[in-house]
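The values are calculated or read from the model by the stated rules, or taken from the named source; none is laboratory data. From a predicted model like this one, the values you see are computed outputs, not experimental measurements. Positions of Cβ are generated from backbone atoms using ideal geometry, with glycine treated the same way; all protein chains shown enter the neighbour counts.
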Amino acid sequence: MFFFRILMIPLSLLYGFAVWLRNTLFDTGLLPSRQFPVPVISVGNLRTGGTGKTPHVEYLIRLLRSKYNIAVLSRGYKRKSKGFVVAGADSSCREIGDEPGQIHKKFPDILVAVHEKRSKGINMILEAYPETNLIILDDAFQHRYVKPGLNLLLTGYYNPFFDDFLLPFGHLREGKRRAKRADALIVAKTPTVFSPLDKRYFLKKLEAYKNKQVFFSTFEYKNLLPFNKNAKISCAKNLKSIFLLTGIANSVALEEYLKTICKDLYVHKYRDHHQFTKRDLVRIREHFDRTISYAKVIVTTEKDAIRLQDKRLRELLDDIPVFVIPIEVRFHNSDEKDFADMVFRFLGQYKKTGNSQPSPAQKH
């Protein structure tokens, strides 16, 4: 496997040159980066998948929903539709993607839309929903046609970008030094108990990206929620066996947590954004049925649950208890207040009418 990756080095060099050229065109103004009359916050990463971007978008929604008319815009990765689509009560992941579907399900009062071209998507939101006075972009760090007012870059605790390499040899979408483009760095998915030594290690490693605020966040796993009629709350107590069904980029932290609430954990893991099939569910169903246990359930993530909504898939699991495990982002210690202060300081730079873009000089 490592030998095969070595063969990818020339391709990584070619890819790196293409990315460098593209970024240079934006840096010099030969390709335009557009600003908008409302504040735009971008949440993204350098590495492909697995840093928890969508949960951090949800954190921002909880933080700001009482003060702003928020719209969330995503490209809707792996959706089958094209162009501008607004999430509705009957929207499927095929129309809008699983992550926008997850956000809409949790925050039905928040406008959630998808468009493969973010600048066009923002224009269409502002035209159709003129009351919108804040836009949050999910996974848009590389989408440079939009120049966000606040650019948040996430890196994973278990797979930080500074230890990685460009695609296809590694997992980076662009070079590490491009982290300097961010206004703040968030080290995500840290352990619940986060030692000062770990913090100092990351701060030292991130010193190269100067003038950046660095925050540390973790996932807080909430109580299991029923996915189907057989998932009664009583089933989720004193668990012996959990069968995890997931198609997310990195399930390490989730698996470690689930091991603390059951005796035996059986993992059925698929690629990120995997579209589940009947065969997948038959496989876990057979495993579930042949396992002798006095207290056993199937558990899936919120994002995976969106892709399991298809009636033909649900029917295969209807008579056994299936639960969804919600997660929420939590910042360590004073980072919670410091992060909120930074966000509100940025938003406070806009006029009350919400129609002026602060200059780079105002931002720092």
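Only one of the numbered conditions (1) under 22 Å from LYS53 (Cβ atoms); (2) at pLDDT 95 or above is not met by GLN309, and that is (2). Scan region 229-244 for residues that are buried (at least 18 other Cβ atoms within 10 Å of the Cβ) and of a type outside the set (A, V, I, L, M, F, W, C) and the total you get is 1.
Condition (residue is touching a residue at least 12 places away in the same chain (Cβ under 8 Å), surrounded by fewer than 22 Cβ atoms within 10 Å (Cβ to Cβ) and of a type in the set (Ser, Thr, Tyr)) applied to region 155-175: is it met by at least one residue? Yes. Take the conditions (1) without any contact (Cβ under 8 Å) to a residue 40 or more places away in the chain; (2) farther than 13 Å from GLY83 by Cβ; GLU95 misses just one of them, which is (2).
In region 251-268, the residues that are surrounded by 13 or more Cβ atoms within 10 Å (Cβ to Cβ) and modelled with pLDDT of 95 or more form Cβ pairs under 6 Å with partners that are among the basic types (Lys, Arg) and not in a helix (DSSP H, G or I), at six or more places apart or across chains, as follows: LEU265/LYS259. Taken together, the criteria place LYS311 among residues that are free of Cβ contacts under 8 Å to residues at least 24 places away in the same chain and more than 25 Å from VAL193 (Cα to Cα).
Listed here are the residues, each with its yes/no results for (1) free of Cβ contacts under 8 Å to residues at least 60 places away in the same chain; (2) of a type outside the set (Phe, Trp, Tyr).
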{"position": "LYS204", "(1), (2)": "yes, yes"}
{"position": "TYR209", "(1), (2)": "yes, no"}
{"position": "PHE215", "(1), (2)": "no, no"}
{"position": "THR218", "(1), (2)": "no, yes"}
{"position": "LEU225", "(1), (2)": "no, yes"}
{"position": "LYS229", "(1), (2)": "no, yes"}
{"position": "LYS232", "(1), (2)": "no, yes"}
{"position": "CYS235", "(1), (2)": "no, yes"}
{"position": "ASN238", "(1), (2)": "yes, yes"}
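Take the conditions (1) in contact with a helix residue (DSSP H, G or I) (Cβ under 7 Å, 6 or more places away or on another chain); (2) surrounded by fewer than 19 Cβ atoms within 10 Å (Cβ to Cβ); (3) at pLDDT 95 or above; ARG279 misses just one of them, which is (1).
Restricting region 217-257 to residues that are of a type in the set (Gly, Ala, Ser) and part of a strand (DSSP E or B), the residue that is nearest to ARG330 (Cα to Cα) is SER217. Among the conditions (1) crowded, with 18+ Cβ neighbours inside 10 Å; (2) at pLDDT below 95; (3) not polar (S, T, N, Q); (4) not in a loop (DSSP other than H, G, I, E, B), the only one that GLU207 does not satisfy is (1).
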